[in-house]
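Every number in this text was worked out from the coordinates using simple rules, so none of it is lab data. From a predicted model like this one, the values you see are computed outputs, not experimental measurements. Glycine gets a Cβ as well: all are built from the backbone with ideal geometry, and neighbour counts include every protein chain shown.
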Amino acid sequence: MTGGIGRAEAPAAAALLRELLPPALLPLFDTSFVRLHLLYDEFIHRLVLGVVRETGLEQAMREPGTPTEIATRAGFLSGQALVPLDWMLRHLTARGLLEELSGGAAFRYRSLGPFPTLDPAPVSEEQKRLDPSWMPAYTLAETVARDYPAFLRGEVTGEEVLFSPRRLRLWIDYFSNDNGLYAVNNRVGALAVEQWLPKSGGVVLELGGGLGSGASALLERLETVDRLGAIAEYRFTEFVPAFLRRGEQALRTRHPGLSRVTFTPLDMNRPFGEQGVAPGSVSIVYAVNTLHVAHDLDFTLGEVLGALEPGGRLVVSECVRPQARQPIESEFVFNLTETFRSPRLHPPDRPTGGFLTPGQWKGAMEAAGFADIRFLPDIVRVQDQAPRFIAAAIGATRPL
Ligand SMILES: C[S@@+](CC[C@H](N)C(=O)[O-])C[C@H]1O[C@@H](n2cnc3c(N)ncnc32)[C@H](O)[C@@H]1O
């Protein structure tokens, strides 16, 4: 039973968003989206409870402990377990199942158990009934959950769990505009590029273009508003060869008339110049949910700044964390990857891995030399009143 999760809450939350979001974003975040988001959050919660049960974690949390102490008690001896465990502890605290004790150098946690046993299956069935387009997000999370205990015990790496060749299909279905959960990031990003594209247009360089869904949403949007002609060249780049090949294939199939598009590998952790991107050669650098996995965000922002012509813009669409330490449901999956959980840290703008807050984005971009940092929507104001809202585009300009 799901008890109609989100059914009562969603209309009021969507009404609030109607007051806070600009009109262009309203069709994306309607009552149905809000309800499905709540449902997905519940699904992740139930998967977490399953992992806690299976690994004996609840026992390990009966006495107060820091994440490191709890990891030791539970037998999670490899370092890779710490960030995901810390996320689970914050998630369970937010759900009222743990007590968080501050004081001392690290937070300590204690179970307020017993924990409920909640079956994820009815949530997934309800999702399928309401909108099957979100199922790729469910399949991915469910697949990950099955391997979580082995990952926490250090028997398998997150990369093996997520990126084995037999799991490519999961990503093809997930990073897609047919996935109702993921598509909003692409649509918010496309609207931001449309709004922030210089009148004269120019060359666009996309980083981490992956399977092409971000590029496809952007090209469709520019075509709809008759601005495709403003793109002198679209340089689609990606780091993972299998993604790059698939991304090119998908874009060529979806947009057969596409000209002025190139497909090349680019690693955002290495100097752009040695990878064929000349200084000052692009008007827009675009990236959907990619920059937060840069190993050294300051370095990558510096490379982006150097690649842009004066007055050129960086536009990123990102999942934006409302408050530091606030757990975001998709981190249950992405915490498995080392690039996500363990980038080079630069306090105060990069104090942890994972998603950044609006203030951290602004700080990091300004520190790299960007000016005129903008958000679509005005995310600080939105999150102030709707703290579960996490999708935003961020724009920044290379000064003249
Ligand atoms: C959230 S996905 C973006 C998905 C993409 N927008 C799409 O529509 O398929 C993040 C992307 O960043 C890429 N990535 C990871 N490390 C990278 C690196 N060092 N340089 C460039 N891209 C990288 C990943 O391979 C992945 O495709």
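Here is how the numbers come out for the structure above:
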quantity: Segment 1-79: Cα Rg divided by the 2.2 N^0.38 Å rule of thumb; calculated: 1.63
quantity: Sequence-separation-based contact order of the chain, relative, with Cα cut under 8 Å and 6+ spacing, percent; calculated: 15 percent
quantity: Degrees, to the nearest 10: 31-55 long Cα axis against longest axis of the chain; calculated: 50 degrees
quantity: When segment 10-156 is reduced to its Cα atoms, the Kirkwood hydrodynamic radius in Å; calculated: 16.9 Å
quantity: Of Arg313, Arg381, Arg321, the one that fluctuates the most in a GNM where the chain has Cα springs shorter than 10 Å; calculated: Arg381
quantity: Mean separation of Cα contacts under 8 Å (6+ apart) over length of segment 180-397, as relative contact order %; calculated: 21 percent
quantity: Using θ = phi - 60° and Karplus 6.51 cos²θ - 1.76 cosθ + 1.60, couplings along segment 295-312 (whole Hz; Gly, Pro as x); calculated: 5, 10, 4, 4, 4, 5, 4, x, 5, 5, 4, x, 6, 7, 6, x, x, x
quantity: Estimated FRET transfer efficiency when R0 is 60 angstrom, pair Glu274-Ser32 (beta carbons, to 0.05); calculated: 0.80
quantity: Candidates Gly257, Gly113, Gly208: whichever shows maximal mean-square fluctuation once the chain is modelled as a Gaussian network with Cα springs under 10 Å; calculated: Gly257
quantity: Virtual spin-label span in nm between Thr68 and Arg166, 7 Å along Cα→Cβ; calculated: 3.8 nm
quantity: Added length on full extension, which subtracts the Cα-Cα distance from 0.36 nm per residue, Asp378 to Arg53; calculated: 113.0 nm
quantity: GNM flexibility winner over the chain from Pro116, Pro11, Pro198 (Cα, springs under 10 Å); calculated: Pro116
quantity: In degrees, nearest ten, helix 213-224 long axis to first principal axis of the chain (Cα); calculated: 50 degrees
quantity: Equivalent ellipsoid, segment 215-309 (semi-axes from 5 times Cα gyration tensor eigenvalues, Å); calculated: 23, 16, 12
quantity: Antiparallel %, DSSP beta bridges [both residues in the chain], to 5; calculated: 45 percent
quantity: Cα-based equivalent ellipsoid of the chain: semi-axis lengths in Å, sorted from largest, via gyration tensor; calculated: 35, 23, 21
quantity: Degrees separating the helix 10-20 axis from the principal Cα axis of the chain, which is the longest one; calculated: 40 degrees
